[in-house]
Amino acid sequence: MAPVADEINAAASNADFDRRGNDGIALTDVDVKRINPTVIKFKWSSHRRSPNRFTVWLRNVKTQEYYKARGTVWTSAGQLQIGLGSLDHKKGEYQLVLTKWNDYDDVYARSSTFKIRNSDF
């Protein structure tokens, strides 16, 4: 029985970083709308064990810097739109990251990479 348990634990520890089922927050849709100015619309799903609130960040993939896009988001809302004001005209490749409230090291969900250009500001 121990080898089977070890395999299950190893599989769980190697699970997709974007999903943490116990937290219950998962990105379901991310859309970068290139209007003037560009906005990012996104949706998430949650369940009863989800935290009441979380923080939204834009993470520069190259520099690993985090820019706070929205300080407090109430989980029950289910969708949100953010602008690029926190980036201060810094173009590059970014990810949308949902984290524990005010703690970018505790990631709940992360989007795929998207590019922000000069024309997006």
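The values are calculated or read from the model by the stated rules, or taken from the named source; none is laboratory data. From a predicted model like this one, the values you see are computed outputs, not experimental measurements. With ideal geometry, Cβ positions are generated from the backbone for all residues, glycine too; neighbour counts draw on all protein chains shown. Only protein heavy atoms, including side chains, enter the accessible area calculation; ligands, DNA and RNA are left aside. Shrake-Rupley method; radii C 1.70, N 1.55, O 1.52, S 1.80 Å.
Observations
- Filter result (of a type in the set (S, T, N, Q) and open to solvent by 80 Å² or more (accessible area, probe 1.4 Å)) within segment 97-113: 112
- Residue within segment 57-70 that is closer than 18 Å to residue 28 by Cα, of a type in the set (A, V, I, L, M) and out of contact with any strand residue (DSSP E or B) (no Cβ under 6 Å at 6 or more places or on another chain) present: no
- Residues being open to solvent by 80 Å² or more (accessible area, probe 1.4 Å) and more than 17 Å from residue 108 (Cα to Cα) - total across segment 52-63: 1
- Hey, residue 36 within 12 Å of residue 84 (Cα to Cα), at pLDDT below 95 and open to solvent by 90 Å² or more (accessible area, probe 1.4 Å) or not: yes
- Checked against the criterion of being in contact (Cβ under 8 Å) with a residue 60 or more places away in the chain and either acidic (Asp, Glu) or open to solvent by 80 Å² or more (accessible area, probe 1.4 Å) (or both), segment 77-94 contains not a single residue that satisfies it.
- Qualifying position, being modelled with pLDDT of 95 or more and closer than 17 Å to residue 109 by Cβ, among 70, 19, 49: 70
- Condition met for residue 119 (small (Gly, Ala, Ser), open to solvent by 80 Å² or more (accessible area, probe 1.4 Å) and closer than 21 Å to residue 31 by Cβ): yes
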